[in-house]
Structure formats: C-alpha cells, structure tokens
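*Asks:* First the structure, then my questions, so here it is.
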C-alpha cells in the first residue's frame, strides 16, 4: 500500500478554515449594525446567513482538525470522514437559516415595514461582496490543492453568498425607488429558496463520501488504463474506490503471469501502486495479485448480476 501525508496540504486546509471564521465574524458585526439601522428583511437574511456561516465555519474548522489526525489503532483508514460530517452539519445550518428567514419574510409581507438608511445597507453588502470574493478565491485554491470535501462545501456556501449579497443590494435599491415595501420580503423568500437548494447540494456531496460512493466512470477508466499500461500486467478486475474526505482509496485485483516469481509479481504491483498514487494525488492503493485466467468469485460478476 502506498500513501503520502503532505504538510503543505494540511496547512492549507487549516488556513482556509481560519480565513472562513475570520470573514464570517467580520461580516456579522457589519451586517448587525446595518440591520439595526435599516430593519431590512434582505439585510436580515444576509445577517442570518453570515451567522450560520460562522457556525458552519467553526464546525468545518473542528471537522478538518479532526480529519487531519493520523490513522490510529481504532481508525486504520484515518479520520477523513470527519470532513464529510462537518459538511453535513453545514447543510443543516443552511437549511435552518433558510426556514427562519422565510418565516420572517412572510411576517413582513403581512405586516409591511419601511426600510431606513438604505445607503448603509448597500455599503455593508458591498463590503461583504469584496471580503467573500477574496475568501472564495483562496478556498478554490485550497480545494484544488487538497480535494477537501469540507472546504469545497464551505466554498459553495460562500459562492451562494455572493449572489445573495447582490440580491440584497437590488432589493434595497428597488424598494427605495418604488416605495413598494413588499419587494424586500419577496427577495427574502427567494433567497431562502436559494439557500435550501444549496443545502441540498452540500448534503448530497457529504453523503457521497459517507456512503463510499465510487469515482465516476471517467476516473475508473483512467485507473484501468494506468494499470494495464504497466509491463507484465495481463489485466485487472474488482476495482473499488472511495473518497475518505481527506484522501482517496483504490483497491483492485491485478492479473499476472501465474509462472512469475513472487518477487517479480511484487515488483510489478509496487510499480502499479506508485503509478496510481502519483496520478491520484497520494491515493492509498491496495493491490491483490493473482494468476491471470483464474476462475474465482468476483465482485464485478456479483454487481453485474
């Protein structure tokens, strides 16, 4: 089996969680002040979202910290799924905030209230857009470098915030121009629907990791091509893959010449493991060697049946 734990990758994950908590804390303070001045439901929606952002970011920070712990006697595959659990908690936070926002928006539709100090609200939303855009750029870099599920979920969440902040600015400006109080809470309902859709996407991605979903057909075909390109390999079967949150696990049966010595078979399998680990960013690879043409019970046959 091969694998690698990169210190730089771990540091990037941690820095991304620290940046997320810092940005969310800053925006909560600014949006709370804006809401107290404007009493806008759209600003309130953004404040609620930033509050859940902070809670979700703290959960992500703790989840990533736990996921980066090395394998131990009770967790020989490591602790990587803690990231997926953190992402699932994010989905719950997002969904909860959407429900609370929808309740407040409906109340404002029934009992309309004017928006005050619209300029302050717009200024705070612009600040939010700038800080959020910077955070997303950094998170995109971290996700590309590490493949972190939790950081990816956090990035998707904050990407939605960019659209929401733009919608809040539009709601404040339209309400100020038209004097129609219903515009603001209607935007709040639309934002709540957007948040619920985002929560569904985050939850689905986390569950894929927790349920050991296989890689896509394109990646599986790439694995097969890399394995069969190794000299001495007659074929392969029973490929199994799973994403553990902080890394990828690849298992397969390698078909070799049955007359080959054990040492020669081991050398070929070792080269296959190194080839796959290099191609899939330090994946943990487990290869079972067996004679080509052996008639045995196969996972591939059970699945196709």
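*Asks:* Are any residues in region 121-140 over 11 Å from residue 27 (Cα atoms) and either surrounded by 14 or more Cβ atoms within 10 Å (Cβ to Cβ) or outside the structural domain of residue 38 (by TED's automatic domain parsing) (or both), and if so, which ones?
*Replies:* Residues satisfying the conditions are 121, 122, 123, 133, 135, 136, 138, 139, 140.
*Asks:* Sticking with this one: Among the listed residues 48, 28, which satisfies the condition of being in contact (Cβ under 8 Å) with a residue 24 or more places away in the chain, in contact with a helix residue (DSSP H, G or I) (Cβ under 9 Å, 6 or more places away or on another chain) and surrounded by fewer than 22 Cβ atoms within 10 Å (Cβ to Cβ)?
*Replies:* 28
*Asks:* Grab the helices (runs of 4 or more DSSP H) fully contained in region 194-305, keeping just those with 1 or more residues being under 30 Å from residue 66 (Cβ atoms) and either under 18 Å from the mean Cα position of the chain (by Cα) or touching a residue at least 24 places away in the same chain (Cβ under 8 Å) (or both).
*Replies:* Hits in region 194-305: 217-228, 262-279.
Yes or no, residue by residue, for (1) over 30 Å from residue 47 (Cα atoms); (2) in the same structural domain as residue 79 (by TED's automatic domain parsing); (3) in contact with a helix residue (DSSP H, G or I) (Cβ under 6 Å, 6 or more places away or on another chain):
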| residue | (1), (2), (3) |
| --- | --- |
| 181 | no, yes, no |
| 201 | no, yes, no |
| 258 | yes, no, no |
| 274 | yes, no, no |
| 280 | yes, no, no |
| 287 | yes, no, yes |
| 295 | yes, no, no |
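*Asks:* Without any contact (Cβ under 8 Å) to a residue 12 or more places away in the chain and part of a helix (DSSP H, G or I), is that true of residue 23?
*Replies:* no
*Asks:* Which is farther than 30 Å from residue 281 by Cα and either part of a helix (DSSP H, G or I) or not assigned by TED's automatic domain parsing to the domain that holds residue 170 (or both), of 61, 54, 12?
*Replies:* One residue alone meets the criteria, 54.
*Asks:* Which one of these is modelled with pLDDT of 80 or more and under 30 Å from residue 278 (Cα atoms): 130, 202, 106?
*Replies:* One residue alone meets the criteria, 202.
The values are calculated or read from the model by the stated rules, or taken from the named source; none is laboratory data. Everything numeric here is computed off the predicted structure, so don't read it as measured data. Because the Cβ atoms are built from the backbone with ideal geometry, glycine has one as well, and the counts that use them run over all protein chains shown.
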